[in-house]
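Notes to accompany the following structure.
What follows is calculated from the coordinates using simple rules that are stated; it is not laboratory data. Quick caveat: nothing in here was measured; it's all calculated off a predicted structure. Here Cβ is always computed from backbone atoms with ideal geometry, including for glycine, and neighbour counts include all displayed protein chains.
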Amino acid sequence: MSGKFLNIIHGQTARRADIPLLEIADFRQAAVAAVLQNGRIAAFFGHPLPDSQIELIAVLANDASGSLDVARTIAGKNGERYPALTPDCPQAHWFEREIAEQWGLIPEGHPWLKPIRFHAPYQPGRAPAPASAPLPGVTDYFSVKGEEIHEVAVGPVHAGIIEPGHFRFQCHGEQVFYLEIELGYQHRGIERRLRAGPDNKTIHYIETASGDSSIAHATAYCHAIEALSAARIEAGAQVLRGIALELERLANHTGDLGALAGDIGFLPTASYCGRIRGDLLNMTAILCGNRFGRGLVIPGGTAYTPEASAIRELNSRLDTAERDITSAVELLWQTGSVMARLEETGRLSAGDAQALGLVGPPARACGIPRDVRQDFPAGIFRYAQIPVSTWESGDVFARALVRWLEIQRSIAFIREQLPQACGPTGPDEALALEKDALTVALVEGWRGEVCHVALTDANGRIDHYKMVDPSFHNWFGLALAVRKNGISDFPVCNKSFNLSYCGFDL
Amino acid sequence: MFELIKLRKRHGRPVIPDVLGAAVPPPFRGFPLLTEARCPDGCEACVRACPTGAVRKGPLRLDLGACVFCGDCESACPAGAIRFSPGHRLGATRRDSLVVDSSIRASDYAGSAVESRREIRRLFGRSLKLRQVSAGGCNGCEMELSACNNVNFDMSRFGIDFVASPRHADGLVLTGPVSRNMAPALRDAYHSLAEPKIVVAVGACAISGGLFAESPDVDRSFFNDAPVDLHIPGCPTHPLSFIRAVCDFLGRAGGRADDYRTGVIRSR
């Protein structure tokens, strides 16, 4: 992709010393150029060096060639400035706000430099420390001025069982001109709790990054640890992980289609899908005793080996679930009043999705065939391919339809893989990690690409651990999709993305 | 129209009729059975394995309020002194009841840990409206609470509902360890509830801080002025654990009061 970046193979490690250390201008230029040539930013973060300089590391992914490129630069200390990437590379915008907030670096030229999680900087700097940490949501918002413009503020406490976040709409009558999404309420400091690990807490922190994506995050973490320890994973365990990941996708996609139906007041599908989602969670519970798959995926393998009777039970439940989902979901497409609400609502162009580096169903619903299971396959997905599901229209309907296509393909995958899941599983004891190394692990969670980057120190402990939940890429896609829509369509647009607050806030 | 009727017929009546008597099948990890007599001398494998410090020795005890039900202690134990049963009745009104030891059997715990006060039964026994606030939760507990009102569990049959505004609520259901950034909004929501009101803490994070008890990004000062009336452990808390604990608290469990068709409540 770019001669200046180091090309690494997904699932392998690189020595930290081998990662090219570029001058900031070269780093910036190479990263921007790579993103323009069909690349995208998978991760971009800072971490402190012993002399309190901040090193920035960028991981760029090129889906078409399946290549990952890494480079680093030294951007200075807390309070110092570096030229921002964002003006030439919009998808860097939240990454650079994160860097600024965590390390006090100032990305010069960033168009909208604000906190994203509202915490004090991780490292004291030249600027005098504020008396108290910043207050969440207390910040300047983008505003539109005009006689008939009004502002709507929603959250952090919403009208339902949902996580907290703040939405600020600039409206003209019913029409939304602009939406600004302010998060950070769920910030509980997961990444910092992972330093100097792994220890007996690490996997549990990872699983709680976003509860509905426990399997996706745990799998990414395990891939990272296994790459760093060159562990060999039994085929049966790889199969089981794949089944669990697809069950997680099935449960959440089914729940989302039900919730979409609920948001437009179409109760049959809402009720049935809500119930079927529970049946699918119970299938995961058969594997490991937890409806969210907690404790199933562990470094070195899986913690449980299903009995033959459990496999038979899963097979029969899968058949029932397939019939139930099919009847409940196809009703959506057959009902004119439903289609009228889904089509043309919350439309996002493929160009915008590409520029923002969207991942998962929102990207695929704009016709972008981006799917880690195809582009960067790991584990069972190296041997068993799931066709990528796309649709062109970029609206709420497309995001719903892509979910339905993925449901069908996940069911077929699980059915095909279940007989192989009986193989032996089981972790190796105490995995020793390679020293001074970096690895990148990508997993296609149900929301999209889960990216974990692990850096180890000279003792083989975790020096820095970066998690990028798909929501981190996608929240701004929602903000764009609701523009020019009626504000009453916000819930249905929001649900069609169904992004994670806690996965973003960490 | 005909498709709708066909669908209705196909899906039948999915409600769990006896939701208070329903059990969660194994391998669900619920109430832990401790047998200290089996502990090898000086062994602390369970204590070292526990990610949240829920397991203690001398004597062997386990704090359900901190437990994430990962089973790491059970796997680490060489002697089978800790075994998780599928018992889902985990709720308790008093915080210290959540710390269980070898002397407490699952049935004793389930029968006594949730106390139902006359005053609570009188005020909320027929109708309890709850406001859910997530304060740093991972959305696991939140999704399980949503599931409580799906057509399977159908918690509304007991007059228990989640409502959209704290102003409409009799109780606040808290999930998450209380992130520093949600502490002010949580306090506002709590003060918006009219008296008399109850607080229900759901999941290890809310009850004890769980994994995040020591995190500098968490602020649990909320509990200094908001006493918790009901603790419901889990990670995440199972819908049946939640429904059963709340119904026990309201004196709704047992006899005809369970009848979902009539919703009749027996006077006590």
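In whole Å and largest first, what semi-axes does the C-alpha gyration tensor of chain B yield when each eigenvalue is scaled by 5 and square-rooted?
On the way: eigenvalues 195, 110, 67 Å².
Three semi-axes, in Å: 31, 23, 18.
What ³J(HN,Hα) values, in whole Hz, does the Karplus curve 6.51 cos²θ - 1.76 cosθ + 1.60 give for region A:337-345 when θ = phi - 60°, with x put for Gly and Pro?
Each residue's phi maps through the Karplus curve to give 5, 6, 4, 4, 7, 8, 6, 6, 8 Hz.
From the helices alone, meaning DSSP H stretches of at least four residues, give me the mean residue ellipticity at 222 nm for chain B, per-run term -39500 (n - 2.57), in deg cm²/dmol to the nearest 500.
Values: 10 runs with 73 residues, N = 268.
It comes out at -7000 deg cm²/dmol, rounded to the nearest 500.
State, as an integer percentage, the relative contact order of region A:1-147 based on alpha-carbon contacts under 8 Å between residues 6 or more apart. Write down the numbers at each step before the final one.
On the way: 272 pairs, mean separation 28.6, N = 147.
In percent, rounded to a whole number, it is 19.
If you take every DSSP beta bridge whose two residues both sit in the protein assembly as shown, what share of them, in percent to the nearest 5, is antiparallel?
Numbers: 64 of 85 bridges.
Expressed as a percentage, antiparallel bridges in the protein assembly as shown total about 75.
Arrange the following residues from fewest to most other Cβ atoms within 10 Å of their Cβ: B:M1, B:M182.
On the way: B:M1 5, B:M182 32.
Arranged by neighbour count, lowest to highest, B:M1, B:M182 become B:M1, B:M182.
Going by average Cβ density within 10 Å per residue, which order do the peptides B:8-18, A:276-286 take, highest to lowest? Write down the numbers at each step before the final one.
On the way: B:8-18: 12.3, A:276-286: 22.7.
Top of the packing list down: A:276-286, B:8-18.
Please report the spacing between the Cα centers of region A:132-175 and region A:46-84 in Å, no decimals.
32 Å
Out of region A:101-202, which GluC sites (Glu not before Pro) are coil in DSSP terms and have no more than 13 other C-beta atoms within 10 Å?
Details: sites: A:E101, A:E108, A:E147, A:E148, A:E151, A:E174, A:E180, A:E182, A:E191; in loops: A:E147, A:E148, A:E174.
Passing both the DSSP loop test and the Cβ count: A:E147, A:E148, A:E174.
Which shape class applies to region A:313-360: rounded if a/c is under 1.5, otherwise prolate when a/b exceeds b/c and oblate if not, where a ≥ b ≥ c are the square roots of the Cα gyration tensor eigenvalues? Please report the intermediate quantities before stating the final value.
Details: a/c = 6.57, a/b = 1.58, b/c = 4.16.
Judged from the Cα gyration tensor, region A:313-360 comes out oblate (a/c at least 1.5, b/c at or above a/b).
Taking the number of other C-beta atoms within 10 Å as the exposure measure, put A:R294, A:R483, A:R323, B:R244 in order starting with the fewest.
Numbers: A:R294 28, A:R483 15, A:R323 12, B:R244 24.
Placing the least packed residue first, the sequence is A:R323, A:R483, B:R244, A:R294.
Cut-off is 10 Å between beta-carbons; in what order do B:F69, A:F45, A:F266 appear when sorted fewest neighbours first?
Details: B:F69 26, A:F45 23, A:F266 18.
Final ranking by Cβ density, sparse to dense: A:F266, A:F45, B:F69.
Hey, got the average number of other protein chain Cβ atoms within 10 angstrom for residues in B:211-219? Show your work: numbers first, answer last.
Details: counts 8, 6, 0, 2, 7, 7, 14, 3, 0.
Mean shielding count: 5.
On a C-alpha basis, how far is the centre of region B:130-186 from the centre of region A:327-357 in Å? Whole number, if you could?
29 Å
Please list the non-local residues whose amide H lies under 5 Å from the amide H of A:F44, H modeled 1.01 Å from N, same-chain partners needing a gap of 5 or more.
A:V59
What is the sum of charges around A:M339, taking Lys and Arg as +1, Asp and Glu as -1, for the other residues whose C-beta is under 15 Å from the C-beta of A:M339? Walk me through the intermediate numbers first.
Values: positive: A:R341, A:R347, A:R399; negative: A:D263, A:E330, A:E343, A:E344, A:D395, A:D489, B:E3.
It works out to a net charge of -4.
Let me confirm one metric for peptide A:208-217, namely the mean number of other chain beta-carbon atoms within 10 Å of its residues' beta-carbons. Provide the component values of the computation, followed by the final result.
Details: counts 15, 1, 3, 12, 6, 2, 3, 0, 0, 0.
Per residue, the average neighbour count from other chains is 4.
Within a 10 angstrom radius of each residue's Cβ in B:129-137, how many Cβ atoms of other chains show up on average? Whole number is fine. Numbers along the way, then the final one.
Values: counts 0, 1, 3, 5, 6, 11, 7, 11, 8.
Across B:129-137, the average partner-chain Cβ count within 10 Å equals 6.
When the Karplus curve 6.51 cos²θ - 1.76 cosθ + 1.60 is applied with θ = phi - 60°, which whole-Hz ³J(HN,Hα) does each residue of region A:405-414 get, with x for Gly and Pro?
Karplus values, whole Hz, x for Gly and Pro: 4, 5, 4, 4, 6, 5, 4, 4, 5, 4.
What translational diffusion coefficient, in µm²/s and rounded to a whole number, does the Stokes-Einstein relation yield for the protein assembly as shown at 37 °C and a viscosity of 0.692 mPa s, taking the hydrodynamic radius as the Kirkwood radius over Cα pairs?
Numbers: Rh = 26.7 Å.
Estimated via Stokes-Einstein, D reaches 123 µm²/s.
Considering Cα pairs under 8 angstrom that are at least six residues apart, work out the relative contact order of region A:190-497 and quote it in whole percent.
On the way: 585 pairs, mean separation 82.1, N = 308.
It rounds to 27 percent for region A:190-497.
If you take every DSSP beta bridge fully contained in region A:6-108, what fraction is antiparallel? Give it as a percent rounded to 5. Spell out each step's value before the answer.
Values: 21 of 26 bridges.
Counting DSSP beta bridges with both partners in region A:6-108, the antiparallel share is about 80 percent.
Once every DSSP H run of n ≥ 4 in chain A is given -39500 (n - 2.57) and the sum is divided by its residues, what mean residue ellipticity at 222 nm do you get, rounded to the nearest 500 deg cm²/dmol?
Values: 16 runs with 198 residues, N = 506.
One gets -12000 deg cm²/dmol as the mean residue ellipticity at 222 nm.
Tabulate in residue order the Karplus-calculated ³J(HN,Hα) for region A:216-223, using 6.51 cos²θ - 1.76 cosθ + 1.60 with θ = phi - 60°, rounded to whole Hz; enter x for Gly and Pro.
So the J values, rounded to whole Hz, are 4, 5, 5, 5, 4, 4, 5, 4.
Relative contact order of chain B, please, whole-number percent, based on alpha carbon pairs below 8 angstrom and at least 6 residues apart. Numbers along the way, then the final one.
Values: 521 pairs, mean separation 63.0, N = 268.
Relative contact order comes out at 23 percent.
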